[in-house]
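Novice: Shown below is the structure under consideration.
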Amino acid sequence: MTTSEGEQGSGGAGAEQAAAGGGAQRPEARLEQAVRAAEQALIEFEIAVDTFRIEVENFSRLHEQRLGPVYARLEELDARILEAKAARSGDPEDRRLADDARSRLQPIPGVEELLGGWMDGNGLFPEAAAMLTDQPVRPPERVRPSEEARKLYRDLARKAHPDLAQEEAERHRREEFITRVNASYARGSEAELRELAAEWAAGPKLKEQAPSAGDELYARLEWLAQRKELLTLVAKELGEGAIGSMLRLAPDDPDRLLEEIAEQLRAQVAEREAELAALEALEG
């Protein structure tokens, strides 16, 4: 055998090995890889959005519990100031403004009687809400879950995300499980999240994804793109809302932000009280 023949033989064998070893991917292979990458990217994005949503919800509850009474005091003082000004001026427009301010503070007539003492015009009584949800009447201990809780949550969300299911029954199981994960994360409970992690590890394993036809893969990519657009809108609404905007001002120390707002509100209350006292002195 000549040198050229040997080289040709070697080259031919190498080409055959490359083809046999998958050097040339089948048409759907790259598309499958793109779908898997898009799925993982979407899951990460959805985890980030859900994390922010839970933080916004927790901060909103804490904001209402800590500052709600101060806002209510301000509204009451504003109504009394307008009433005092209307009494002095006798102007019908001043009286209308005073009546409007007072009406916003009044509960809806008859609501408490109709609902048997469970709620008034401002919503469920705290005791009633506690009975319905089996939760004590107290503010959340933390505005944000701990770093360990965040780590556990992200790990569970990645493993149990419904989008990884290949069958409807499996998707349903994952949706129910993720609902429990979200609830535990919202409470900031590391113990519950660890229990859920152990439960998931002991449960059914994810089936290997079978090769998909090209049209199914393209349809999957289209669905993933639509889902991402929806999540982008949700994230935008959360970030641009009043609570989300406040939370972004102090993401690492929201308690301090609440205290700063409380100080500002207390200063406004003091100003309104002084203004009302001056008006009442003039009437006297």
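Novice: Rounded to the nearest 0.05, what FRET efficiency do A219 and V269 have when you use their Cβ-Cβ distance and R0 = 51 Å?
Specialist: Details: r = 59 Å, r/R0 = 1.15.
Here the calculated transfer efficiency is 0.30.
Novice: Let me ask something else. Once you order the gyration tensor axes a ≥ b ≥ c over the Cα atoms, which shape class does segment 21-96 get: rounded for a/c under 1.5, otherwise prolate or oblate by comparing a/b with b/c? Walk me through the intermediate numbers first.
Specialist: Working: a/c = 14.17, a/b = 4.07, b/c = 3.48.
Prolate shape, in that a/c is at least 1.5 and a/b is the bigger ratio.
Novice: Let me cross-check F59: its accessible surface, 1.4 Å probe, with only protein heavy atoms counted, in Å² to the nearest 10?
Specialist: Accessible surface of F59 is approximately 0 Å².
Novice: Kindly report, to the nearest 10 Å², the accessible surface of R194 as traced by a 1.4 Å probe over protein heavy atoms only.
Specialist: The accessible area comes out at roughly 120 Å².
Novice: Here's a follow-up. Note down the nm distance, to one decimal, between modelled labels 7 Å out along Cα→Cβ at Q226 and at T179.
Specialist: 2.3
Novice: Taking K and R as +1 and D and E as -1, what net charge do the other residues with C-beta under 12 Å from the C-beta of E93 add up to? List each step's numbers first, then the result.
Specialist: Values: positive: K85, R95, R96; negative: D91, D94, D99, D100.
Net charge around E93: -1.
Novice: Can you tell me the mean projection area, over all orientations, of the convex hull of segment 218-281's alpha carbons? Units nm², please. Before the final figure, lay out the partial values.
Specialist: Numbers: hull surface 25.8 nm².
If I average the Cα hull's projected area over directions, I get 6.5 nm².
The values are calculated or read from the model by the stated rules, or taken from the named source; none is laboratory data. All values reported here derive from a predicted model rather than from experimental measurement. Glycine also receives a Cβ, built like all others from the backbone with ideal geometry; neighbour counts cover every protein chain displayed. For the accessible areas, the whole protein counts, side chains as well, though only heavy atoms, and no ligand, DNA or RNA atoms are used. Shrake-Rupley method; radii C 1.70, N 1.55, O 1.52, S 1.80 Å.
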